[in-house]
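The values are calculated or read from the model by the stated rules, or taken from the named source; none is laboratory data. For clarity, every value in this text was computed on a predicted model and none was experimentally measured. Cβ atoms come from the backbone with ideal geometry, glycine included; neighbour counts cover every protein chain shown. Each accessible area value is taken on the protein alone, full model and side chains, heavy atoms only, with ligands, DNA and RNA left out. Shrake-Rupley method; radii C 1.70, N 1.55, O 1.52, S 1.80 Å.
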Amino acid sequence: MDPYLIATVLIVLSAIFGYINVKFLKLPNTIGLMLITIVFTLCVIALSYFDPTLLELEKEMISKIDFRTVLLDEMLSFLLFAGALHTNFEQLKIQRWPVLLFSTFGVITSTFLIGGLMFLVLQLIGLQIDFIYCLLFGALISPTDPIAVLGILKKAGVPKKLETKIVGESLFNDGIGVVVFLTIYQVIASGAEFEISSVLTLFGQEVIGGVALGAVLGWIAYRLMKSIDDYDIEVIITVAAVMGGTAIAHAFHLSAPLAMVTAGLIVGNETVRNSAMSEITERYVDKFWELIDILLNAVLFVLIGMEMIVLILDKDYIIAGLIAIPIVLASRYLSLLFPISLFKKKLDFVPNTNLIMTWGGLRGGISIALALGLTNEMHRDLFLVITYTVVIFSIIVQGLTVGKLVKKLKSKS
């Protein structure tokens, strides 16, 4: 299958499944699309006992897609720029310190908590896995997924101040999570000893370099848009900033996700909008990036559902996955305690912030993409099943109930 045909199939399936969801299920699009795709894949697997043709076609298509590259190197930049573009910059500025702690201290703490607990649990169920590999799993599952969070929180009725914290954290913590994951991955792959200097170098290059690149891209886009009044070209300038910026980030080993978040926040800032965009330009830029967001989200969650066929469904793996769900939730809750207690009074946090942030911190495609990048020596099959189990629970169960939880807590307060 050539790339054009694969893209065609994915978009056609997204359209069909999206229609079924809107017409009959009426679930949030991200949840509905993934759920329908999983059911579709299970039906294809069941049908293969009578005629394997359709299953072989799906396997061939999935084998041609490098999910990690497609998501992390291509789709993610567009999705994060679109998400940041529509984030309330002023609210995020007010909440910058808790967001910074959530996305750094929170991710690192969660990584070690999950890694340690999973190491103990896997030993108990007879799976002898080294601690370093459990730590690697902790790193890939700790970041909340901005794509899943942005798509579902919009309809959950979360208070605006709290929504800014959750969305702001999710926009930044995937970049931090990827850096932590890559650091542990490189230590394992090279067999080198853990050195704090190499970690700080990687952190500085990826994170600080990515943010700096994003700031430059945002400023250049702003200056160019301010100097003309042509909405067609101004929309193209934003696309060029994302595509050109991503290429530069990859070339210099900087964090493309953090660069795109920073650029999106600058271009979407109210001050920049008022001084650089006419009313018609603002409308076209917003509508264009909303469409990109919707289209790529649809394709992504169809892909997540179809990736099910690569799983090896061993009984012990499934048990480990089910046990991992409360471990991941408990670790997130504990990792948020210090940042919340530090800023609770100063920034007037809403009641039950920790509980809502724990249940609303969804995992998604980024965790699956990182798990797919593991080698067999890193117990790829085991951790892929565990990751998939956590992600499905997160998106379907947490995603469908976070709105109800918020309403219930509001009525009690």
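Could you please find all residues in the stretch 197-234 being open to solvent by 80 Å² or more (accessible area, probe 1.4 Å) and charged (D, E, K, R)?
Arg223, Lys226, Asp229, Asp232
Condition check: over 19 Å from Ile294 (Cα atoms) and basic (Lys, Arg). Does Lys26 satisfy that?
Against the criterion (over 19 Å from Ile294 (Cα atoms) and basic (Lys, Arg)), Lys26 does not qualify.
When only residues in the stretch 353-383 that are open to solvent by 50 Å² or more (accessible area, probe 1.4 Å) and under 20 Å from Lys165 (Cα atoms) count, which is nearest to the chain's Cα centre (by Cα)?
Here the answer is Trp359.
Can you pull out the residues in the stretch 162-178 that are over 13 Å from Thr87 (Cβ atoms) and surrounded by fewer than 24 Cβ atoms within 10 Å (Cβ to Cβ)?
Hit for the stretch 162-178 is Leu162, nothing else.
Looking at Met277 and the list (1) within 19 Å of Ile233 (Cα to Cα); (2) within 21 Å of the chain's Cα centre (by Cα), which single condition is not satisfied?
It is condition (2) that Met277 fails.
Inside the stretch 1-107, counting only helices (runs of 4 or more DSSP H) that do not spill past its ends, which hold 2 or more residues that are farther than 30 Å from Leu334 by Cα and of a type outside the set (Asp, Glu)?
Qualifying helices (runs of 4 or more DSSP H): 3-20, 29-47, 53-63, 76-85.
Given the condition at pLDDT 90 or above and under 16 Å from the mean Cα position of the chain (by Cα), answer yes or no: does some residue in the stretch 120-138 qualify?
Yes, there is a match, as at least one residue in the stretch 120-138 is at pLDDT 90 or above and under 16 Å from the mean Cα position of the chain (by Cα).
Starting from residues that are small (Gly, Ala, Ser) and in contact with a Leu (Cβ under 7 Å, 6 or more places away or on another chain), keep the ones in the stretch 105-132 and report whichever is farthest from Lys315 (Cα to Cα).
Gly106
Hey, can you tell me all the residues within the stretch 97-108 that are surrounded by fewer than 21 Cβ atoms within 10 Å (Cβ to Cβ) and not aromatic (Phe, Trp, Tyr)?
From the stretch 97-108, those surrounded by fewer than 21 Cβ atoms within 10 Å (Cβ to Cβ) are 97, 100-101, 104-105, 108; that's our starting set.
Matches in the stretch 97-108: Leu100, Leu101, Thr104, Ile108.
Quick test of your reading of the structure: Asp66 fulfils all but one of (1) of a type in the set (Asp, Glu); (2) in contact with a helix residue (DSSP H, G or I) (Cβ under 7 Å, 6 or more places away or on another chain); (3) open to solvent by 10 Å² or more (accessible area, probe 1.4 Å). Name the failing condition by number.
(2)
Specify which of the listed residues (Thr37, Thr69) is among the β-branched types (Val, Ile, Thr), under 11 Å from Val302 (Cα atoms) and either within 24 Å of the chain's Cα centre (by Cα) or modelled with pLDDT of 95 or more (or both).
Of the residues listed, the single one that is among the β-branched types (Val, Ile, Thr), under 11 Å from Val302 (Cα atoms) and either within 24 Å of the chain's Cα centre (by Cα) or modelled with pLDDT of 95 or more (or both) is Thr37.
So which helices (runs of 4 or more DSSP H) are wholly in the stretch 118-193 and hold at least 3 residues that are over 30 Å from Asp348 (Cβ atoms) and aliphatic (A, V, I, L, M)?
Counting at least 3 such residues, we get 131-141, 160-190.
Just one of (1) in contact with a Ser or Thr (Cβ under 9 Å, 6 or more places away or on another chain); (2) farther than 30 Å from Gln205 by Cα; (3) at pLDDT 95 or above trips up Gly245, so point out which.
If we test Gly245 against (1) in contact with a Ser or Thr (Cβ under 9 Å, 6 or more places away or on another chain); (2) farther than 30 Å from Gln205 by Cα; (3) at pLDDT 95 or above, just (2) comes out false.
Against the conditions (1) without any contact (Cβ under 8 Å) to a residue 24 or more places away in the chain; (2) more than 30 Å from Asn21 (Cβ to Cβ); (3) not small (Gly, Ala, Ser), where does Lys287 fall short? Just the number, please.
(2)
In the list Pro326, Pro339, which residue meets the criterion of being surrounded by fewer than 15 Cβ atoms within 10 Å (Cβ to Cβ) and either over 15 Å from Ile166 (Cα atoms) or of a type outside the set (Phe, Trp, Tyr) (or both)?
Every option except Pro326 fails the conditions.
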